[in-house]
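S.K.: I have a structure here, written as structure tokens, and I will follow up with some questions on it.
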Amino acid sequence: MTKARTLILILLLLLHLPAIAIAAPAERVIKVCADPDPPPWTYWVRDASGKKTDQFTGASVDLVRTIFNRLGVQVDFIGNVPWVRCLKLVETGEFDFAMDAYADAERAKRFAYSAHYNTLTPQVFFRRDKPLDIRSIADLKRYQGCGMIGASYAHYGLTPDDLDLGVTTYEAMIRKLKAGRCDYFVEELEVISGYKYLAQDYLRDPALAHASVADANPPAKHLIAAIGSPASKLLPKFNKELAAFIKSGAAAEIWQRHAPDLPYRP
């Protein structure tokens, strides 16, 4: 083979290398963390004896996975990270998104929000043997409330300083209320109702009572990413697909699979 022919072959190979690299790109995988339990949004599947398996599911899981799959993006859901750490890992860029976040002014300084995909019903929970006269969010500050670390209560007009925090699970917060260490906790009806899917029907607990908070802003669930992050650039496409998904009724169908006796409120 002459030097000229050898040079031509080398040039042809070099010209084809970019085409080979572009033809088989690696499919992108994003990491999404969420606070598992209570259902129906995110929860661990239980086996016949009631123990958690390693399968993470829920209405939000199915919805977010389906929408990103339509965008050609795979999702790796991380469900074993506490909510406060989940938010921190998204803020630092180790994870791409946190799922099922409420909107509030403080978080909005650090996170970009998707459009909401689920709207909830504000409630106040208290002991049945100690009923409270709460008709508005202003009345909440007349009593001592419980709350969870990292949760947002801005839609009830409450800041962390207004509440006795210190727990990270609903079970612990309810035990705290029953023990008389606080007068109430605020939470959305769908959240507490969802525990019946884990064989803990708190709405039927004879020790607990609940009522609506008339002027509380109904919170909604959002997907959030750190402001300016690569993940945040996906939110406009996510929102467009989400709007079509809700309009078609597909979001309601997913919700009904996980919560057949609760209405879906987009």
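S.K.: If the Cβ limit is 8 Å and pairs must be 6+ apart or interchain, which residue in the range 235-261 that is basic (Lys, Arg) pairs with which residue that is part of a loop (DSSP other than H, G, I, E, B) and open to solvent by 20 Å² or more (accessible area, probe 1.4 Å)?
M.R.: Cβ pairs passing all conditions: Lys237/Leu71.
S.K.: So Asn69 passes all but one of these: (1) closer than 30 Å to Tyr153 by Cβ; (2) at pLDDT 80 or above. Which condition number does it fail?
M.R.: (1)
S.K.: Looking at the structure I just gave you, is Ala138 under 19 Å from the mean Cα position of the chain (by Cα), at pLDDT 95 or above and open to solvent by 20 Å² or more (accessible area, probe 1.4 Å)?
M.R.: For Ala138, the condition - under 19 Å from the mean Cα position of the chain (by Cα), at pLDDT 95 or above and open to solvent by 20 Å² or more (accessible area, probe 1.4 Å) - is not met.
S.K.: Determine which single condition Leu63 fails, assuming it passes every other condition in (1) in contact (Cβ under 8 Å) with a residue 40 or more places away in the chain; (2) out of contact with any helix residue (DSSP H, G or I) (no Cβ under 6 Å at 6 or more places or on another chain).
M.R.: (2)
S.K.: Condition (residue is open to solvent by 50 Å² or more (accessible area, probe 1.4 Å), at pLDDT 80 or above and either assigned to a loop (DSSP other than H, G, I, E, B) or within 27 Å of Arg265 (Cα to Cα) (or both)) applied to the range 31-45: is it met by at least one residue?
M.R.: Yes, the range 31-45 contains a residue that is open to solvent by 50 Å² or more (accessible area, probe 1.4 Å), at pLDDT 80 or above and either assigned to a loop (DSSP other than H, G, I, E, B) or within 27 Å of Arg265 (Cα to Cα) (or both).
S.K.: Here's something else I'd like to know. Could you list, in sequence order, the residues of the range 235-266 that are in contact with a Pro (Cβ under 9 Å, 6 or more places away or on another chain), farther than 14 Å from His116 by Cβ, aliphatic (A, V, I, L, M) and not in a loop (DSSP other than H, G, I, E, B)?
M.R.: Ala252
S.K.: I'd like to check which strands (runs of 3 or more DSSP E) are fully inside the range 157-234 and have at least 3 residues that are over 17 Å from the mean Cα position of the chain (by Cα), surrounded by 13 or more Cβ atoms within 10 Å (Cβ to Cβ) and not small (Gly, Ala, Ser).
M.R.: 163-167, 184-188
S.K.: For Asn239, which of the numbered conditions (1) open to solvent by 10 Å² or more (accessible area, probe 1.4 Å); (2) more than 17 Å from the chain's Cα centre (by Cα) fails to hold?
M.R.: All conditions are met except number (2).
S.K.: Assess whether Gly145 counts as being of a type outside the set (A, V, I, L, M), buried (at least 20 other Cβ atoms within 10 Å of the Cβ) and within 19 Å of Ala231 (Cβ to Cβ).
M.R.: No.
S.K.: Looking at the range 94-113 only, could you name the residues that are under 15 Å from the mean Cα position of the chain (by Cα) and surrounded by fewer than 18 Cβ atoms within 10 Å (Cβ to Cβ)?
M.R.: Asp104
The values are calculated or read from the model by the stated rules, or taken from the named source; none is laboratory data. Model, not experiment: these values are computed from the prediction. Backbone-built Cβ (ideal geometry, glycine too); neighbour counts: all protein chains shown. Keep in mind that these areas ignore ligands, DNA and RNA; they rest on the heavy atoms of the full protein, side chains included. Shrake-Rupley method; radii C 1.70, N 1.55, O 1.52, S 1.80 Å.
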